[in-house]
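Remarks on the structure that follows.
The values are calculated or read from the model by the stated rules, or taken from the named source; none is laboratory data. Just so it is clear, the model here is predicted, and its values are computed rather than measured. Cβ placement follows ideal geometry from the backbone for every residue including glycine, while neighbour counts extend to all protein chains displayed. Note: areas computed on protein heavy atoms with side chains; ligands, DNA, RNA excluded. Shrake-Rupley method; radii C 1.70, N 1.55, O 1.52, S 1.80 Å.
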Amino acid sequence: IQPSVQEALVEGRPVVALESTVITHGMAYPQNLSMAREVEEIVTTNGAVPATVGILRGRIHIGLTDEELQFLAGSKNVVKVSRRDLPYVLSQGLSGGTTVSGTMIAAHKAGIPVFVTGGIGGVHRGGENTLDVSADLTELGRTPVAVVSAGVKSILDIGRTLEYLETQGVCVAAFGESREFPAFFSRRSGFQAPYHVHNEEEAAELIASTLGLGLSSGVLIAVPCPQERAASGQVIEEAIQQALSEARSKGITGKELTPFLLQKINELTDGKSLDSNIALIQNNARVGSCIAVALSKLQKDAKKGRLPPREDVTPPQPVVIGGINVDFIAKAQHSVILSGGQTNAGRMRRSFGGVGRNLADCLSRLGPTPLFLSAMGKDEHSESILHYCHHMDMRAVLQLEGKSTATYCAVITSAGELSVGLGDMDIHQEITEQYVCMPSDLFKENLFQAPLVCIDGNVPLSTIQYVCQLAREHQLAVCYEPTDENKASKPFLSDSWKALTYISPNLQELRAINRTLGNPIPAGIEYS
């Protein structure tokens, strides 16, 4: 998800999803690129954030940079990606433009409720015999996203398409003054939409109602092409019949049919259909953005009504239980380290580590500052650690008189290979179950409400088993970081491991865990 889109979603600002098949398969270069840029500009001008969806080298992108738009617009061998195509295209690392169906899936997974397109697919003419029905229709029946379009493409069987949408349980509403269901290039299709919304606010209310019911189906808002840019229905129909006849004679079917028909109709109408196509996409972008803005306001107002005042709400903290170390790294200048008491030339540096401390540090920098439970001595290292970890919640860390802060010294060769490692880690044994469940329940409540508890392998076995027991009793999500090959198996010496949600072993640690559980080691895994 592009950062600007992600930021808008987090802040609850309106976002509009846009498809990319119109770029890759709907228009020729460079018209497709200028159209895509114009549509994004219209969305921005009307107060929303554009999120064009596309597949680039096997990854779904929600929100494209200008370079990415240029890549899709100028590429020849990109795929038209619907629901059925997504697994293959992603697994093969291919690029493609997402159809209405493909874009709806991405928008829903990202939490974008409004999606603007030109026109959706539908039941093809003769579809009662060929069963050529667009996946857009079934997607509308199974994915809760509002699609703003100029109805369905007029090359399709509009009556049967509306019947199929009814079967799929899709709420269809015409937008504006008339209940007439639009026919893409033309404002009139001869069919009435089941429902009618007069403006953006009514459309937003309809979408909010659908999402609130949790029906898992979408909404189709059908917006007619602007009067001054709409094509004549008779001219378009004659061109459609000629294009269909040519498609049949050439044996063109499936996903190639729609791009062929649109291109042919554009030729037969001397560009009038393309002019209408661009106009309706631009108009839909304007209307869809205004609907997204109205929906965002509705959702914010609803939240204000439901939630207690902000100052009363303190989100629960994650909890990290694990070791703090002071690390001394000595790197020799020469390839051979002399033994026998000689002084080897080298470089020394001090850093602050410990697996638990590292986890708590990372979580603090990511945002949800965790409560950190650990132990260190009251010695020459403790003040330096507290100063270095000033951005962390260290109020629960034990400082013990007469104990040494955990230290680790590594001597490495000039090539970076570990020659010898020495550790004074005894203080980690003070991270006991009695400390985790502190007297006067000072931090017990934090633990029971934590959205995530991280624990590392430095912690005593009895403490790990106790945390796993609490996890079972209070349905806590626990992440275990195995730390090293010798400590990895601690939760697996009993049934404690069954309470773990996440674990992050390297290959050696995973093999040690496997051995502890009595499972065979798969052949060749040491080379994996």
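Here are a few things to note about the model shown:
- Selected residue [in the same structural domain as residue 374 (by the TED database), surrounded by 15 or more Cβ atoms within 10 Å (Cβ to Cβ) and without any contact (Cβ under 8 Å) to a residue 60 or more places away in the chain] from 470, 447: 470
Here is a yes/no grid of residues against (1) closer than 27 Å to residue 353 by Cβ; (2) assigned to a helix (DSSP H, G or I); (3) within 31 Å of the chain's Cα centre (by Cα):
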position	(1), (2), (3)
446	yes, yes, yes
458	yes, no, no
472	no, yes, yes
487	yes, no, no
497	yes, yes, yes
509	yes, yes, yes
512	yes, yes, no
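- Condition broken by residue 218, with the remaining ones in (1) crowded, with 18+ Cβ neighbours inside 10 Å; (2) in contact with a Pro (Cβ under 8 Å, 6 or more places away or on another chain); (3) farther than 23 Å from residue 285 by Cβ satisfied: (3)
- Residues of the range 104-117 satisfying the condition of being farther than 17 Å from residue 8 by Cβ, open to solvent by less than 10 Å² (accessible area, probe 1.4 Å) and under 17 Å from the mean Cα position of the chain (by Cα): 104
- Restricting the range 353-385 to residues that are of a type outside the set (Gly, Ala, Ser) and in contact with a Ser or Thr (Cβ under 8 Å, 6 or more places away or on another chain), the residue that is nearest to residue 399 (Cα to Cα): 376
- Residue in the range 197-219 that is of a type in the set (Asp, Glu), free of Cβ contacts under 8 Å to residues at least 24 places away in the same chain and farther than 22 Å from residue 123 by Cβ present: yes
- Per the listing 8, 51, the residue uniquely within 18 Å of the chain's Cα centre (by Cα), farther than 15 Å from residue 118 by Cβ and assigned to a helix (DSSP H, G or I) is 8.
- Matching strands (runs of 3 or more DSSP E) fully within the range 57-101 where at least 1 residues are of a type in the set (Lys, Arg) and open to solvent by less than 40 Å² (accessible area, probe 1.4 Å): 79-81
- Residue match in the range 13-30 (condition: more than 20 Å from residue 83 (Cα to Cα), assigned to a helix (DSSP H, G or I) and open to solvent by 50 Å² or more (accessible area, probe 1.4 Å)): no
- Residue match in the range 39-48 (condition: free of Cβ contacts under 8 Å to residues at least 60 places away in the same chain, assigned by the TED database to the domain that holds residue 97 and hydrophobic (A, V, I, L, M, F, W, C)): no
For (1) part of a helix (DSSP H, G or I); (2) over 22 Å from residue 480 (Cβ atoms); (3) aromatic (Phe, Trp, Tyr), each residue gets a yes or a no:
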{"site": "357", "(1), (2), (3)": "yes, no, no"}
{"site": "361", "(1), (2), (3)": "yes, no, no"}
{"site": "368", "(1), (2), (3)": "no, no, no"}
{"site": "380", "(1), (2), (3)": "no, yes, no"}
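- Among the residues listed as 269, 253, 258, the single one being of a type outside the set (A, V, I, L, M), open to solvent by 40 Å² or more (accessible area, probe 1.4 Å) and in the same structural domain as residue 112 (by the TED database): 253
- Checklist (1) of a type outside the set (Lys, Arg); (2) free of Cβ contacts under 8 Å to residues at least 60 places away in the same chain; (3) farther than 24 Å from residue 467 by Cβ applied to residue 394, failing item: (3)
- Filtered residues of the range 237-252 (kept if at pLDDT below 80 and either in contact with a Phe, Trp or Tyr (Cβ under 9 Å, 6 or more places away or on another chain) or of a type in the set (S, T, N, Q) (or both)): 241
- Residue count for the range 133-143, restricted to those that are modelled with pLDDT of 95 or more and either surrounded by fewer than 22 Cβ atoms within 10 Å (Cβ to Cβ) or outside any helix (DSSP H, G or I) (or both): 4
- Here residue 456 clears all of (1) of a type in the set (D, E, K, R); (2) open to solvent by 60 Å² or more (accessible area, probe 1.4 Å); (3) at pLDDT 95 or above except the condition numbered (2).
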